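Below is one structure; the comments refer to it alone.
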Amino acid sequence: MEFVEPVIQYSKIWPLLALFATGLVGVLVEAFAPRDRRHTLQVAVAGVGTLAALVGTVLIAADLTPAPTGGARGLIGAEGAIVVDGPTMFLWGLILVFTLAGVALFSERRIEAGVSAFAGQAAALPGTDAERQASTRGLDHTEVYPLLMFAVTGMMLFPASGDLLTMFVALEVLSLPLYLLCGLARRRRLLSQEAALKYFLLGAFSSGFFLYGLALVYGYAGSMNLTTIGEAVTNDLGNDTLLLIGMGMLAVGLLFKVGAVPFHAWTPDVYQGAPTAVTAFMSAGTKIAAFGALARLFYVGFGPDRTSWQPMMWAVAILTMLLGSVLACVQTDVKRILAYSAIAHTGFLLTGVLGLQAIGDLAEGQVTSLQAVLFYLASYGAATVGAFGLVTLVRDESGEASGLDRWRGLGQRSPWVAGAFVLFLLSMAGIPLTAGFVGKWAVFTVALAAGAWPVVLVAIAASVISVFFYVRIVLVMFFTEPADGEDVVTGAATVKASPATTVTVAACAVATLVLGVVPGPVLDLAGRAGDFIR
């Protein structure tokens with residue numbers, strides 16, 4: 001048997017490798033740099049590595065050429081394992097932009113009086129002398145930066161995967177560092193560790209479903225390559241039961257990562273228990289990567305059999321929107337409200353996925369489903385990162401104050417923070433002149449064009465319900481009178497953040513406004529990304 005050397009297009013995938021190398025450099029920094037210099041070095045390494053990968057992504061995107069088959073732009077490289085096309089480049093750009101925001105939020109030390117929000121010694125049991133000594137010495141976990149880089153590497157590989165095995169590897173690479181990061185909160189350690197354990201156990205369970213589904217689909221198609229699977233589905237090789245069960249199990253793994261019902265149970269607990277900087281990054285980055293992988297799998301691999309999976313997606317989208325919106329109404333913690341809001345937004349994004357169809361089937365000038373989903377991911381990412389960034393600033397004597405009752409009168413004590421938070425809430429609610437309105441309009445339009453009008457009706461109803469809990473927060477901050485015996489200054493207050501956090505939140509606020517008022521450039525950019533290569 002003759003060995004054939006694999007051909008890997010390093011010039012097209014080097015941003016992915018650069019992020020992985022950045023993570024390795026971060027490990028070396030942890031091993032050899034003096035403890036008092038690690039934080040500065042890790043922030044510099046992570047920031048420079050991410051920025052270099054972002055620049056490389058822009059250069060590669062500008063240099064993409066049309067595929068030989070026409071239509072989509074890019075290439076299938078690494079022997080079919082990695083697909084570098086327009087949607088991949090757009091998703092990589094989004095992930096890296098929010099990674100820069102994540103690095104900035106991770107680096108915040110002013111809020112906690114000179115230390116970060118991460119535990120001083122994660123191995124120490126909560127409440128023990130070892131933990132107290134670590135806190136007294138001002139220790140913190142700078143290992144979070146290489147963990148972040150490894151997670152981002154998996155996020156970049158996930159939507160670029162050209163076969164199911166690569167997609168599974170990417171799923172694990174992005175998940176395992178996040179499990180660790182969720183358990184490293186400096187305060188409320190038990191809550192943080194509980195969140196990490198729940199996320200790990202449920203994540204491992206969903207990964208098992210994905211792997212079993214991978215095996216069944218391989219048995220059906222004789223290949224794990226998405227293009228080959230799509231051809232097998234088109235040619236109807238028989239044994240549809242094997243295909244349908246495998247398709248359903250793969251969907252479980254991906255729907256878990258996006259937090260769709262009925263695989264959503266981890267979301268509120270993890271969003272609340274994890275360090276808020278981790279929650280901010282994870283809420284945007286994981287959703288972008290997972291929706292990119294979901295769209296590629298169901299369009300390229302299972303696209304020819306839409307009649308089999310679209311009814312399932314209809315049901316999941318409807319349940320996700322309704323449950324997320326309704327349960328958010330009864331929450332009393334701001335982070336849990338935003339978590340259930342994230343679940344509802346997953347349903348809205350699934351509404352856009354339902355409109356997947358070939359570009360040739362669309363009328364000229366019509367927004368494509370992929371274009372709508374990409375824009376929605378950009379608009380939602382800006383709003384959620386900005387909102388969680390502001391949550392880190394609202395504190396009381398016990399630390400971060402996410403209880404809704406502690407936000408009473410915040411608009412009078414800190415009008416700029418409360419005003420920015422209202423802007424992000426309005427965008428999530430889909431109010432005109434914000435990015436969220438344009439995003440919802442886009443996904444609803446493509447779903448209607450695909451005939452999914454019942455889902456759109458439910459989406460509109462869910463949007464109306466969601467206005468209640470968004471307005472509720474606004475009322476608490478600006479219009480709620482102090483309780484008997486309380487003064488208006490009672491409650492949580494905001495602290496002055498470092499320039500990194502301030503710039504991050506300000507950039508998210510500007511993006512939310514600009515994408516709402518002038519959405520054309522980003523919509524056009526998403527449109528020029530084109531279609532998936534098949």
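Rounded to the nearest 20 debye, the dipole magnitude of region 185-326 is 820 debye, with +1 charges on Lys and Arg beta carbons, -1 on Asp and Glu beta carbons, and the Cα centre as origin.
For the pair Phe468 and Phe205, the difference between a 0.36 nm per residue extended length and the Cα-Cα distance amounts to 91.2 nm.
The modelled label-to-label distance between Val4 and Ala44, using points 7 Å beyond Cα along the C-beta direction, is 4.7 nm.
Simple rule: put +1 on each Lys or Arg Cβ and -1 on each Asp or Glu Cβ in the chain, find the dipole, and look at Ala383, Gly403, Ala215; the Cα lying farthest toward the positive end is Gly403. Basic side chains Lys and Arg get +1 at the Cβ, acidic Asp and Glu get -1 at the Cβ, and with that the dipole of the chain about its Cα centre reaches some 960 debye. If you wrap the tightest convex hull around every Cα atom of the chain and split its volume per residue, you get 147 Å³.
One chain, two ends: Thr234 and Arg110. Fully extended at 0.36 nm per residue, the span grows by 38.9 nm beyond their Cα-Cα distance. Size descriptors for region 369-420, from the alpha-carbon set: Rg then Dmax equal 14.7, 47 Å.
When you restrict to C-alpha pairs under 8 Å that are six or more residues apart and normalise by the size of the chain, the relative contact order lands at 16 percent. Give me the angle, in degrees from 0 to 90, between the Cα long axis of helix 435-449 and the longest principal axis of the Cα atoms of the chain, rounded to the nearest 10. The answer is roughly 30 degrees.
For the peptides 388-396, 82-90, the ranking by packing is 82-90, 388-396, with the highest mean count of neighbouring Cβ atoms within 10 Å listed first.
We did not get these values from a lab; they are worked out from the coordinates using the rules stated. If you're wondering where the values come from, they're calculated on a predicted model, not measured in any experiment. Here Cβ is always computed from backbone atoms with ideal geometry, including for glycine, and neighbour counts include all displayed protein chains.
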